[in-house]
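In what follows, a single structure is set out as structure tokens and then discussed.
The values are calculated or read from the model by the stated rules, or taken from the named source; none is laboratory data. Computed from a predicted model, the values in this text were never measured in an experiment. A quick note on method: Cβ atoms are made from the backbone with ideal geometry, for glycine too, and the neighbour counts reach across all protein chains shown. Note: areas computed on protein heavy atoms with side chains; ligands, DNA, RNA excluded. Shrake-Rupley method; radii C 1.70, N 1.55, O 1.52, S 1.80 Å.
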Amino acid sequence: MDYFLELFLGGLTRGSIYALIALGYTMVYGIIELINFAHGEIYMIGAFTGLIVISVLTMLGWNSIAIIILAALIAMLYSAAYGFTIEKIAYKPLRGSQRLSALISAIGMSLFLQNYVLLAQTSNFLPYPNLIPTWDFLKPVGHIVRSTEIVIYIAAALVMVALTYLIKFTRMGKAMRAVAQDRDMSMLVGVDVNRVISFTFIIGSSIAALGGVLVASHIGQVNFYVGFIAGIKAFVAAVLGGIGSMPGAVLGSLVLGWTESFFTGYISSDYEDVFAFVFLVLILIFRPAGILGRSDTDKV
Amino acid sequence: MTIYQEIKKSLLVSLWFMFLTFPIMVIKVNTIEQTIDWHWWRLAGVGVGVFFLSFLWRYAIARKEAGKKKAEISGEEKVALIPRLMGNPRFYIPGLIAALILVVAFPFVFSMYQTNILITALIYVVVGLGLNIVVGLAGLLDLGYVAFYAVGAYSYALLNYHFGVTFWMALPIGALLAFIFGIILGFPVLRLRGDYLAIVTLGFGEIIRLVLENWNEFSFGPSGIANIPKPSLFGLQLSLQQSSIFIYFLMIGLALMTIFVVRRLQDSRIGRAWIALREDEVACQAMGIDKTRTKLSAFALGATWAGMGGVVFAAKTTFINPTSFTIWESIIILCVVVLGGMGSILGVIVGALILILLPEYLRAFSEYRMLVFGVILVLMMVFRPGGIISGVRRIYKFEGQNTIAENNNA
Amino acid sequence: MKPVLDVNQLTMDFGGLRALDHIDLQVKPGEIVALIGPNGAGKTTFFNCITGIYSPTKGDMLLTRPEGDSSRLNGLKPNRVTERGMARTFQNIRLFQNMTVLENVMIGRHCRLRSGIPGAILRPPANRREEKQVVDDSYRMLEKIGLARYVNEFAKNLPYGAQRRLEIARALATEPFLLLLDEPAAGMNAQETKELDDLIIRLRAEMGVSILLIEHDMKLVMSLSDRIYVVDYGKKIAEGNPEEIKSNPAVIKAYLGEDIDA
């Protein structure tokens, strides 16, 4: 039973992590119908920025709680700035051209960012200090769940609540929904589409950065390549839930997290990554709209 | 006044990028040895570099916008220099002869090292032309292309290891197996929309690589397969150098055959359907084109060429393991096609030569290779989606065209 | 004689929205029939259903060749529908922009040609003949529609009116006996519309195609059509010849505010 619980909570952790990344994918896709390949790299840059802040402040002898909070905030700020800039350089000039072009541009951006971090920092895995304290009340169940994981659950839940509020009840949220529905029409009725798109990238990127810092703390290491595989898996989750749908992204992430966890726990861990891809292929073939997605017919 | 504003703009952009790159570029952390290096000069570099690049960027964007408008008004496009020269026999016949002489003389004039590099480039020409069918002509973004390359390479390596199959037998077998794989993989996924297709093919590519890595009994896992024989020539014993020269000419032959086939395909009923499918799927179906079948034919045919390329690759390197078949290999091949010009044969050849030869000769910059590839993909899409040498459509001539048109008007 | 197109009780739901509600429609051989109605009435959805782009929720669609053999269109893919002899144009022009005018028409010939990949590579005599034939046929089609002077232009560079005509040429190249035109005169000036009117009449006379068209230009509809169907909110509210439609109170009500006394 303990083993089951461990796998269950492990799956929940994975799912929450995927959700933090998948939300950005799904938001961007909902608005400009682009698979933002560079999103995984934004996540990685968030983790790296966090590591840099942590290293510098640790050297200065700050309190560890203050460090982790500040590191997360600065990482979010920087990833948001990267997301914003990437959109301006690689995607905005391609609006209105073929989707294939934007997709190739996104792949190029992803490749560039990976190698940018590789060259500026290092290709090695760097140990990532975990500054989240181990809480006393968790000691009895310490072999099943760690405090970092609890923080990840809470962060994911808070982000979801905040996003739901943002989309449902704010002016910007309304504008985002309008642009997702029909970009040209929104422009006609006076929505500043460029601003909405930038805002979407900023929000999606900062959520990914939060995920980056937490995950790296949890796993304990980071390198320039962690964004790619995490990005792909989060994308699988977004598609599984129904791309463009935010509850879908969360649901898809949890489903993927649990299936992966139980699969590797009970069956085999050799093919862990294969499994996610097989899952993706199967979903796309049998239910391309995802669990919560609406099946869209081409506009003719 | 305007210059003043331009400078101000560039200054702001430069400041923004200095802010943006500050932590990653300047503060190099090493948590293994607990050290932090500060590289302040990099910040200065970014500032100055971005300041000038931002002028260039805005100029290029402005030119692109202006070009778009001009094309709308005048309603015609300039034919680029190279296709125009290609169309003129006075230029292209001497050019062709010169190229032929260079190609034939190359392995005898230059060293074996150079020849081997050119063989690599030629392999990329062949697989690039194959991918060009899929991406350039049919508009299907295949990010798992390298999987078919792996199928070719492993089918030669394994068939040789177990059954002693020779290179010449393996070449068609590898091509056929890749073709079959193309059909099997393509059939379920080609119903998907373009961007999903990209992700699923990426997934398939990774699945095949991970299986090759983990299934030790079948593929010998990460340690790979060594001692794959080089191609034989009527049972003659070839020295290492002779063998390189032989593979070189073999690749030239294969490249010529590929060019011949792709050219003919482009100008055929199927080729037109591929291009139309890239342009507008719904309209294509309304014109009676079977979407799935047409896509599948492009996908499987592209795979066939990757399979052949893979067999030659295995024969050339005599050793293969899964690390040669990562997603990045697919992206390099994609880069070849995108840089050269999607849908253009000459473009793909030029693209392969540039992308494979330049990094070889600019060893000092080789670590920047992938970084530059990324930049190339973005810049090409933003400024020149057609590539260096964009494809041209065939012009048909008709007798008395003008008189007929005038009669109709009257 | 059996109607070339016989649609019975066609219904199409999108989620909870009923875009088409039990529509009946017939086109008899050689007829020009118009389908009209206010914006959003479901006209284009109707075209998309019968051409296989959407699969309708309910209803029967029967296509009958003038020679007499019929086929049910339900469940057919769009390309199969075209093969069976019904071709269409699109309201928002969907030409192959980066192909030449001639190539656009050659694509229309695609489903009437046979050569496959081996033929394309080896080019046996039969294949060469076919290729020559398709070029000639396509050029002749352009002459007929009056686009021959643009033959080697990119489709995207044509003037608007010519693009609409090219859509028609491309559809005709598939050898249909029933041609569906989705707002062929949209965006055309009076002169171009007049030419289109003549062209459609001429096509029926010369090629014997029946025509079903969606159009907002009432002058064109009234002058061309043998019969008119009027839909509103997915329901058929009237059918009859132009005179009957003009005086039909339900139609006038649906169009209230729109000018139909042409």
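Set the Förster distance to 51 Å, then compute FRET efficiency between A:Asn194 and B:Met257 from the Cβ-Cβ distance, nearest 0.05. That pair, A:Asn194 with B:Met257, gives E of 0.55. Place a label point 7 angstrom from the Cα of C:Asn92 along the Cα-to-Cβ direction, then list the residues of the range A:184-201 whose backbone nitrogen is under 19 Å away. Under cut-off, by backbone N: A:184-191, A:193-194.
Peptides C:16-24, B:296-304 ranked from most to least packed by the mean count of surrounding Cβ atoms within 10 Å: B:296-304, C:16-24.
Thinking of the range B:110-383 as a set of Cα atoms, what percent of all their pairs are more than 31 Å apart? I get 23 percent for the Cα pairs in the range B:110-383 exceeding 31 Å.
For the options A:Ile202, A:Ile89, A:Ile21, a Gaussian network treatment of chain A with springs between C-alpha atoms closer than 10 Å singles out A:Ile89 as fluctuating the most. For the residues of A:46-57, the average number of beta carbons from a partner chain within 10 Å of their own beta carbon is 3.
Report, in whole Å, the centroid distance computed from the Cα atoms of the range B:18-64 and the range B:90-106. Answer, in whole Å: 45.
Amide H contacts for C:Ile237 (H built 1.01 Å from N in the peptide plane; partners 5 or more residues away or on another chain; cut-off under 5 Å): C:Val230, C:Val231, C:Asp232.
For a straight C-alpha distance cut-off of 20 angstrom, the lysines reachable from C:Lys58 (same-chain residues fewer than eight places away being disregarded) are C:Lys43, C:Lys77, C:Lys235, C:Lys236. Only helices enter this figure: runs of n ≥ 4 DSSP H residues, each worth -39500 (n - 2.57), summed and divided by the residues of chain A, yield -24000 deg cm²/dmol at 222 nm to the nearest 500.
Karplus-based coupling profile of the range A:191-208, in residue order and whole Hz: 7, 7, 4, 4, 5, 4, 5, 4, 4, 4, 5, 4, 5, x, 5, 5, 5, 4, with θ = phi - 60° in 6.51 cos²θ - 1.76 cosθ + 1.60 and x standing for Gly or Pro. Ordered by 1.4 Å accessible area with all protein chains kept, B:His39, A:His39 run largest first as B:His39, A:His39.
Take each residue of peptide C:119-128, count the partner chain Cβ atoms within 10 Å of its Cβ, and average: the result is 3.
Pairs of Cα atoms nearer than 8 Å and 6+ residues apart set the relative contact order; for chain C it is 26 percent. Cut-off 10 angstrom, C-alpha nodes, Gaussian network model of chain A. Which of A:Gly50, A:Gly248, A:Gly96 fluctuates the most? In this elastic network of chain A, the residue with the biggest mean-square fluctuation among A:Gly50, A:Gly248, A:Gly96 is A:Gly96. Between amide H atoms placed 1.01 Å from N, distances below 5 Å from C:Ile32 occur with C:Ile211, C:Asp226, C:Arg227, all of them 5 or more places distant or on a separate chain.
Take every Cα pair under 8 Å whose residues are at least 6 apart in sequence, average their separation, divide by the length of chain B, and the relative contact order is 24 percent. FRET efficiency for the pair B:Phe106 and B:Thr2, taken as 1/(1 + (r/R0)^6) with r the Cβ-Cβ distance and R0 = 60 Å, rounds to 0.70. Go ahead and collect, in residue order, the members of the range B:199-231 whose backbone nitrogen is under 15 Å from a label point 7 Å along the Cα-Cβ direction of A:Asp270. Answer for this model: B:208-224. For B:Lys295, the aspartates and glutamates whose Cα comes closer than 15 Å to its Cα, not counting residues fewer than 8 places off in the same chain, are B:Asp142, B:Asp195, B:Glu279, B:Asp280, B:Glu281.
What are the lysines whose alpha-carbon lies under 24 Å from the alpha-carbon of B:Lys316, with same-chain residues fewer than 8 places away excluded? The reachable lysines, counting only those whose Cα sits under 24 Å from B:Lys316, are B:Lys230.
Computed from the C-beta positions of A:Trp135 and A:Ile285, the FRET efficiency with R₀ = 35 Å rounds to 0.20. Ranking C:His110, C:Pro124, C:Thr100 by Cα position along the charge dipole of the range C:99-139, where only Lys, Arg, Asp and Glu carry charges on their C-beta atoms, puts C:Pro124 farthest toward the positive end.
Label-to-label distance for B:Trp38 and B:Leu236 is 6.7 nm, based on points extended 7 Å past Cα in the beta-carbon direction. Note on chain B: helix-only mean residue ellipticity at 222 nm, from DSSP H runs of 4+ residues weighted -39500 (n - 2.57) and normalised by residue number, equals -24500 deg cm²/dmol. Ranked by the mean number of other Cβ atoms within 10 Å of their residues, highest first, the peptides B:144-157, B:210-223 fall in the order B:144-157, B:210-223. Annotation for the range B:231-267 versus the range A:1-47: alpha-carbon center distance of 47 Å. With the simple model of a label 7 Å out from the Cα in the direction of the Cβ, B:Arg191 to A:Leu158 spans 4.4 nm. Farthest toward the positive end of the dipole of the range A:70-184, out of A:Phe84, A:Val141, A:Asn124, is the Cα of A:Phe84, where the dipole comes from beta carbon charges about the Cα centre. Peptide A:112-123 shows a mean partner chain C-beta count of 5 within 10 Å per residue C-beta. With the simple spin-label model, which puts each label point 7 Å out from Cα in the Cβ direction, the B:Leu12 to B:Leu358 separation comes to 3.2 nm.
The amide H of A:Val222, built 1.01 Å from its N in the peptide plane, has A:Leu126, A:Tyr128 as neighbours under 5 Å, considering only residues 5 or more places off or on other chains. Per-peptide packing, taken as the mean over residues of other Cβ atoms within 10 Å, places B:275-282, B:354-361, A:74-81, A:135-142 in the sequence A:74-81, B:275-282, B:354-361, A:135-142 from highest down.
When B:Tyr59, B:Tyr92 are compared by accessible area at a 1.4 angstrom probe, the order from most to least is B:Tyr59, B:Tyr92.
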